[in-house]
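To start, the structure under review is shown below, and the notes come after it.
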Amino acid sequence: MSETNRPPGDKPGDGAISGKKRQDPVFSDAMSYDYSNFFSASGRDPFDLFEPFGKWWAEVKPKGYYQFELPIHSAPSTRVDVEDTKTGEIRKGLINFASYNYLGLSYRPEVKEAIKAAVDVYGAGSSGSPILSGNTALLQELAKKVAHFKGKEAAMIFPTGYSANVGLIAGLMRSGDLIVADQYAHASVVDGMILSKAQSRFFRHNRPDELARKLSKFEGKKLVVVEGVYSMDGDLVPLPEIVEVCREYGARILIDEAHSTFLFGKNGRGVAEHFGMDDEVDIHLGTFSKSLGGQGGFVAGSQGLIDYLRGFSRSRFFSCALAPPVVAGLIKALELVETEPELRERLWANVDFMQNRLRDSGVDIGDCESQVVPIMIRNDATIFDIGEELFREGIFINPVKYPAVGKHKSRFRMSISAAHTQEDLEEGAEIIVRVLERNGIVS
């Protein structure tokens with residue numbers, strides 16, 4: 001299992017807090033600790049960890065961890081107003097490189113009007129599971145439109161992308177089966193694997209040869225899970241090679257297109273379409289929270305798959321269905337994706353500009369090939385200090401460190417939007433380069 005997806009503290013050498021330290025913690029350097037140190041401990045009471053964690057948190061939050069969960073006081077547009085919980089002030093007009101709103105659709109007037117109209121008809125929420133009272137006409141319409149857009153027989157809508165992965169994987173696979181996932185797959189993939197009770201294996205990132213070795217040793221039902229765009233590095237799956245291996249060893253393939261659906265390919269269907277392999281992939285999964293700027297997730301595939309999941313996808317039928325106003329906004333956003341291909345053209349022009357601008361300035365952005373642009377710092381001790389400087393100088397961007405990524409693979413994850421102007425991008429790049437130069441990251 002990769003460090004990216006391993007539960008905190010579930011890595012040899014993480015060093016869970018000892019009983020003595022749990023009773024009377026003394027942190028000589030609190031910032032050298034992280035969440036993994038508080039994942040487990042000896043003792044008989046599950047609440048025993050609260051006191052040492054609380055003392056650690058009180059010390060490290062103002063030193064950098066406050067940069068998580070900052071309240072936003074505006075729409076997730078290219079400029080945002082963000083509350084600085086360290087000082088109490090609201091910082092206005094920050095250049096937003098943190099939100100997933102890749103096509104700038106969440107605040108489009110047409111989307112907001114569709115949401116308002118749905119409120120007048122349906123009220124606020126669905127008030128029920130989709131298998132009971134929560135299955136509104138709007139929800140059925142969205143499922144049909146997603147299936148048509150993806151060119152599949154049917155689609156199923158989930159309340160979140162997380163629940164889509166968990167519900168699909170745990171609903172389809174069983175004890176005695178085999179699931180093999182790329183080591184950088186989403187945490188929701190990992191959790192679905194755990195809940196399925198199937199044998200779980202991981203292959204090294206984007207290594208079809210290692211996937212083949214994992215599959216060759218197993219006889220039985222097999223599922224391979226990859227992503228279209230990997231969410232922390234921004235690179236693409238080598239899908240043709242992965243599909244070839246899956247076909248050779250009789251494995252079904254699931255592609256999680258959370259960060260690529262509605263963006264890649266001639267029609268925006270995703271990385272599978274980008275490679276011309278829509279029909280070679282068995283199960284297509286995506287989210288609405290990123291490219292469409294809304295909420296929810298979906299699974300698209302054969303009618304048989306969707307009919308089966310209705311009875312076995314627990315994360316869907318034991319959850320309240322998506323609120324009708326949200327669904328109405330998604331239907332309108334999907335319509336805009338289909339009728340305005342220039343949105344994708346604008347996005348890719350912005351991505352090319354920013355990637356080239358940063359690389360030309362000596363900024364390490366890894367092997368990214370997408371709108372997800374990692375700004376590599378590779379220093380867990382300085383990532384928060386640099387993040388604070390960026391925040392103070394007008395950039396809203398999220399620091400990422402262990403356990404979300406591997407040790408000393410810390411970075412900032414930049415999200416580029418079609419709505420960013422050339423001025424937004426140039427100003428943002430100037431600030432980023434200046435701060436990294438000041439900290440010796442680039443020269």
Candidate set: region 408-431, residues that are among the hydroxyl-bearing types (Ser, Thr, Tyr) and under 24 Å from residue 289 (Cβ atoms); chosen: the one surrounded by the most Cβ atoms within 10 Å (Cβ to Cβ): 417
Filter result for residue 150 (under 24 Å from the mean Cα position of the chain (by Cα) and of a type in the set (D, E, K, R)): yes
Counted residues, region 206-256 - those being of a type in the set (S, T, N, Q) and more than 19 Å from residue 177 (Cα to Cα): 2
Matching entry among 290, 266 (being closer than 30 Å to residue 412 by Cα, surrounded by 21 or more Cβ atoms within 10 Å (Cβ to Cβ) and touching a helix residue (DSSP H, G or I) at 6+ places or on another chain (Cβ under 9 Å)): 290
Residue 389, sole failed condition from (1) more than 20 Å from residue 60 (Cα to Cα); (2) surrounded by fewer than 21 Cβ atoms within 10 Å (Cβ to Cβ): (1)
Conditions (1) closer than 30 Å to residue 264 by Cβ; (2) without any contact (Cβ under 8 Å) to a residue 60 or more places away in the chain; (3) of a type in the set (D, E, K, R); number of the one not met by residue 152: (2)
Residue in region 116-168 that is farthest from residue 263 (Cα to Cα), counting only those that are of a type in the set (Phe, Trp, Tyr) and part of a helix (DSSP H, G or I): 122
First in region 194-222 and farther than 14 Å from residue 248 by Cα and assigned by TED's automatic domain parsing to the domain that holds residue 182, second anywhere and in a helix (DSSP H, G or I) and of a type outside the set (Val, Ile, Thr), Cβ under 6 Å, 6 or more apart: 195/170; 196/170; 200/193; 201/214; 203/210; 203/211; 203/214; 204/210
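Residue by residue, here is whether (1) assigned by TED's automatic domain parsing to the domain that holds residue 332; (2) closer than 20 Å to residue 300 by Cα; (3) surrounded by 14 or more Cβ atoms within 10 Å (Cβ to Cβ) holds:
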| site | (1), (2), (3) |
| --- | --- |
| 113 | yes, no, no |
| 118 | yes, no, yes |
| 122 | yes, no, yes |
| 127 | yes, no, yes |
| 139 | yes, yes, yes |
| 143 | yes, yes, yes |
| 146 | yes, yes, yes |
| 150 | yes, yes, yes |
Filter result (surrounded by fewer than 19 Cβ atoms within 10 Å (Cβ to Cβ) and in contact (Cβ under 8 Å) with a residue 24 or more places away in the chain) within region 87-107: 91, 93, 107
Every pair of residues 6+ apart whose Cβ atoms lie under 8 Å, when the first sits in region 62-86 and is at positive phi while the second is at pLDDT below 95: 64/31
Some residue of region 275-283 being assigned to a loop (DSSP other than H, G, I, E, B), under 21 Å from residue 156 (Cα atoms), in contact with a strand residue (DSSP E or B) (Cβ under 7 Å, 6 or more places away or on another chain) and in contact (Cβ under 8 Å) with a residue 12 or more places away in the chain: yes
Selected residue (criterion: nearest to residue 406 (Cα to Cα)) from residues of region 230-254 that are acidic (Asp, Glu) and touching a Gly at 6+ places or on another chain (Cβ under 8 Å): 233
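Does region 34-67 hold any residues that are in a loop (DSSP other than H, G, I, E, B) and either assigned by TED's automatic domain parsing to the domain that holds residue 424 or of a type outside the set (Phe, Trp, Tyr) (or both), and which are they?
Within region 34-67, 34, 40, 42, 43, 44, 45, 64 qualify.
Among the candidates 327, 299, 243, 237, single out the residue that is surrounded by 24 or more Cβ atoms within 10 Å (Cβ to Cβ) and farther than 18 Å from residue 145 by Cβ. Write out each step before concluding.
Working: 327 fails: farther than 18 Å from residue 145 by Cβ; 299 fails: farther than 18 Å from residue 145 by Cβ; 243 fails: surrounded by 24 or more Cβ atoms within 10 Å (Cβ to Cβ).
Unique residue meeting the criteria: 237.
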Residue match in region 392-400 (condition: surrounded by 20 or more Cβ atoms within 10 Å (Cβ to Cβ) and farther than 30 Å from residue 337 by Cβ): yes
Unique residue being over 16 Å from residue 157 (Cβ atoms) and basic (Lys, Arg) when the list is 344, 314: 344
Sole residue being of a type in the set (Val, Ile, Thr), more than 26 Å from residue 81 (Cβ to Cβ), surrounded by fewer than 20 Cβ atoms within 10 Å (Cβ to Cβ) and touching a residue at least 40 places away in the same chain (Cβ under 8 Å), chosen from 382, 339: 382
Qualifying residue in region 204-224 (condition: closer than 26 Å to residue 317 by Cβ, out of contact with any Asp or Glu (no Cβ under 6 Å at 6 or more places or on another chain) and part of a helix (DSSP H, G or I)): no
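The values are calculated or read from the model by the stated rules, or taken from the named source; none is laboratory data. Because the structure is a prediction, the values reported are computed rather than measured. In this analysis, Cβ positions are derived from the backbone assuming ideal geometry, glycine residues included, and neighbour counts consider all displayed protein chains.
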